[in-house]
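The values are calculated or read from the model by the stated rules, or taken from the named source; none is laboratory data. Please read these numbers as outputs of a predicted model, since none were measured by experiment. Note that each Cβ is placed from the backbone with ideal geometry, even for glycine, and that neighbours are counted across all protein chains shown. Heads up: the accessible areas ignore ligands, DNA and RNA and are worked out on the full protein's heavy atoms, side chains in. Shrake-Rupley method; radii C 1.70, N 1.55, O 1.52, S 1.80 Å.
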Amino acid sequence: MAAPEEKALQVAEWLKKVFGDHPIPQYEMNSRTTEILYHLSERNRVRDRDISLVIEDLKQKASEYESEAKRLEDFLMESVNFSPANLSKSGSRFLNALVDSAIALEIKDTSLASFIPAVNDLTSDLFRTKSKSEEMKLELGKLEKNLTATLVLEKCLREDLKKAELQLSAEKAKVDSRLQNMDFLKAKAAEFRFGIKAAEEQLSARGMDASLSHRSLAALSEKLSELKEQTRPLKKKLESYLDLMPVTVAMGFLGVMFSNCSLKILNYQNSGFVFKDLKSVAELRVVTHTCH
């Protein structure tokens, strides 16, 4: 491995060779930049060596081709006293076309034995290319059909997406409206609860009986409906007594009185009657005595 001083010296010589008479750009001299420039100079040197070898090889081939051309020209002059310089303008054009064809076909000479296989190979390549072209056309047609179907599907999807977005916007507006209504109803419900509580407290402060509340009245209404259902058979029985003949009017009157008494007693029992004073007790006794 070269020492740092040798690398710096080699880098300086390489830069002078690259830039020639032009000034070398300023750069920071440190170990890293020196190492990078050293590797670049080595790669450049290897590349220049390879290029030199290729140039020498091409020069050698050109010299060989010139020698062969000279030999063939001398052979033609000696055998048939023929020289390309003696050709007419058309002959020179045909000869150049023949040479260009040989170069294009990459054959070693212009003989018929070299041209025919090369043309056959070129024809085979042409048929293979045509066949490949037909296959590519068929594949292209399939791709175009698929592309058309894809575009139609994309259009339908875009339309469905647009409809879904509109429907979503409408539903969102409905939900927002319902949320607003719900908030309003919650606020109103809280306001009503507060008002009901304040009214109940106010009524309690004034000494209102709890039996007169809405809940108690609703319960009494339900009990009244049940009592009506229970007294319906008695009413039917009473109607049967009213339909009796005049001979049995007295007995019917007694039956009616008995039914009325039973009805009053049942009403007292089912309504949860409370004997709050002596008058109520006396009334019940009178009713019972009358019935008996």
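Pull up segment 16-42, narrow it to residues that are charged (D, E, K, R) and either closer than 18 Å to Glu5 by Cβ or surrounded by fewer than 10 Cβ atoms within 10 Å (Cβ to Cβ) (or both), then point me to the one that is nearest to the chain's Cα centre (by Cα). So the residue we want is Arg32. Of the listed requirements (1) among the aliphatic types (A, V, I, L, M); (2) within 27 Å of Asp121 (Cα to Cα); (3) at pLDDT below 75, Leu76 misses just one: (2). The set of residues in segment 103-135 being open to solvent by less than 70 Å² (accessible area, probe 1.4 Å) and aliphatic (A, V, I, L, M) consists of Leu105, Ile107, Ala118, Val119. I'd like the full set of residues that are closer than 20 Å to Leu72 by Cβ and free of Cβ contacts under 8 Å to residues at least 12 places away in the same chain, limited to segment 101-130. Passing the criteria: Ile103, Ile107, Lys108, Asp109, Ser111, Leu112, Ala113. Looking across Lys130, Lys188, Lys172, one residue alone is of a type in the set (Lys, Arg) and within 39 Å of the chain's Cα centre (by Cα). It is Lys172. Return yes or no: is Tyr65 modelled with pLDDT under 80, under 60 Å from the mean Cα position of the chain (by Cα), open to solvent by 70 Å² or more (accessible area, probe 1.4 Å) and not small (Gly, Ala, Ser)? Here the answer is no, as Tyr65 does not meet what is asked. Checking the stated criteria, Leu242 turns out to be open to solvent by 100 Å² or more (accessible area, probe 1.4 Å) and either at pLDDT below 75 or among the aromatic types (Phe, Trp, Tyr) (or both).
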